[in-house]
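Trainee: I have a structure here, written as structure tokens, and I will follow up with some questions on it.
The values are calculated or read from the model by the stated rules, or taken from the named source; none is laboratory data. Computed from a predicted structure; not experimentally measured. Positions of Cβ are generated from backbone atoms using ideal geometry, with glycine treated the same way; all protein chains shown enter the neighbour counts. Just the protein is used for accessible areas: all its heavy atoms, side chains included, with ligands, DNA and RNA removed. Shrake-Rupley method; radii C 1.70, N 1.55, O 1.52, S 1.80 Å.
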Amino acid sequence: MRRPHPGHELLELSDVFEEQGVVKTPFYGGFGLVAEDNIPKPALNAFAMLHQLGNRRIKVDSDSVLATRSSDGAIAIALWNYAPPFGTGATYTPPPANIGPSRTFTVKLSGVAPNAPVQVWRLDADHGNVVKTFDAMGRPPFPTREQITQLRAAGKPFPPQKLTLSNSALTISIPRKDSS
């Protein structure tokens, strides 16, 4: 397998294809995981987070939770607060002013220490999501080098939050996904 050039590790996941002609803006609606100029899209972070899940599913009675256990016994749980997409076509449609309420989950774990440490990775408008930064820039069709640097930084995965279970439970609030 060919190793990518330094700094171009993400090119294989790009949404830039020669068949589409010259890309006119970093976020044009392409299906890749990385935008023009190696800017990571939120979907790349979502796949990276899903990769942290274990290889055995744990039965959970919810359509917004996926719980797994890995071979070393570690438990990984994915939680989401889905909102259906808004807008149609390739033209950008800004999110509505109110995308809906946050959702609070209480996860209770049996067979673990009542105050076990946990790590929470987030992916939302404020964590690992470049779209908010791009919107704040006014969606420039040709970002400057400085803007590209800012966009790459905003698209990086957010470091995990270190928490502790309380009586073998964790209560967490998740904002509604804005489908950007």
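Trainee: Condition test on P6, is it out of contact with any His (no Cβ under 7 Å at 6 or more places or on another chain), modelled with pLDDT of 70 or more and assigned to a loop (DSSP other than H, G, I, E, B)?
Mentor: Against the criterion (out of contact with any His (no Cβ under 7 Å at 6 or more places or on another chain), modelled with pLDDT of 70 or more and assigned to a loop (DSSP other than H, G, I, E, B)), P6 does not qualify.
Trainee: With the structure loaded, tell me whether P95 is within 19 Å of the chain's Cα centre (by Cα), open to solvent by 70 Å² or more (accessible area, probe 1.4 Å), modelled with pLDDT under 85 and on the phi < 0 side of the Ramachandran plot or whether it fails that test.
Mentor: No; evaluated as a whole, the condition is false for this residue.
Trainee: Taking the stretch 55-71, which residues are open to solvent by 20 Å² or more (accessible area, probe 1.4 Å) and either touching a strand residue (DSSP E or B) at 6+ places or on another chain (Cβ under 7 Å) or at pLDDT 90 or above (or both)?
Mentor: Answer for the stretch 55-71, where residues must be open to solvent by 20 Å² or more (accessible area, probe 1.4 Å) and either touching a strand residue (DSSP E or B) at 6+ places or on another chain (Cβ under 7 Å) or at pLDDT 90 or above (or both): N55, R56, R57, I58, V60, V65, L66, R69, S70, S71.
Trainee: Hey, another quick one. For the stretch 148-158, give me each residue that is out of contact with any Ser or Thr (no Cβ under 9 Å at 6 or more places or on another chain) and either modelled with pLDDT of 90 or more or open to solvent by less than 70 Å² (accessible area, probe 1.4 Å) (or both).
Mentor: Those that are out of contact with any Ser or Thr (no Cβ under 9 Å at 6 or more places or on another chain) and either modelled with pLDDT of 90 or more or open to solvent by less than 70 Å² (accessible area, probe 1.4 Å) (or both): I148, T149, R152, K156, P157.
Trainee: Sticking with this structure for a sec: Go through (1) open to solvent by 90 Å² or more (accessible area, probe 1.4 Å); (2) part of a loop (DSSP other than H, G, I, E, B); (3) farther than 29 Å from N38 by Cα; (4) at pLDDT 85 or above for F142 and report which single condition fails.
Mentor: Result: F142 passes all but (3).
Trainee: Here's a follow-up. What's the total number of residues in the stretch 165-178 that are more than 29 Å from A83 (Cα to Cα) and open to solvent by 60 Å² or more (accessible area, probe 1.4 Å)?
Mentor: Counting residues in the stretch 165-178 that are more than 29 Å from A83 (Cα to Cα) and open to solvent by 60 Å² or more (accessible area, probe 1.4 Å) gives 2.
Trainee: Would it be correct to say that N81 is at pLDDT below 90 and assigned to a loop (DSSP other than H, G, I, E, B)?
Mentor: yes
Trainee: So is A136 modelled with pLDDT of 90 or more, exposed (fewer than 14 other Cβ atoms within 10 Å of the Cβ), of a type in the set (A, V, I, L, M, F, W, C) and over 27 Å from T25 (Cβ atoms) or not?
Mentor: No.
Trainee: Continuing with this model, one more query. I'd like to check something: does the stretch 38-60 contain any residue that is over 21 Å from Q161 (Cα atoms) and among the small types (G, A, S)?
Mentor: Checked against the condition, which is being over 21 Å from Q161 (Cα atoms) and among the small types (G, A, S), the stretch 38-60 yields no hits at all.
Trainee: Please indicate, with yes or no, whether at least one residue in the stretch 118-127 is open to solvent by less than 80 Å² (accessible area, probe 1.4 Å) and without any contact (Cβ under 8 Å) to a residue 12 or more places away in the chain.
Mentor: no
Trainee: Looking at the stretch 145-180 only, could you name the residues that are touching a residue at least 40 places away in the same chain (Cβ under 8 Å), assigned to a loop (DSSP other than H, G, I, E, B), more than 25 Å from T25 (Cβ to Cβ) and not basic (K, R)?
Mentor: P160, L165, N167, S168, P175
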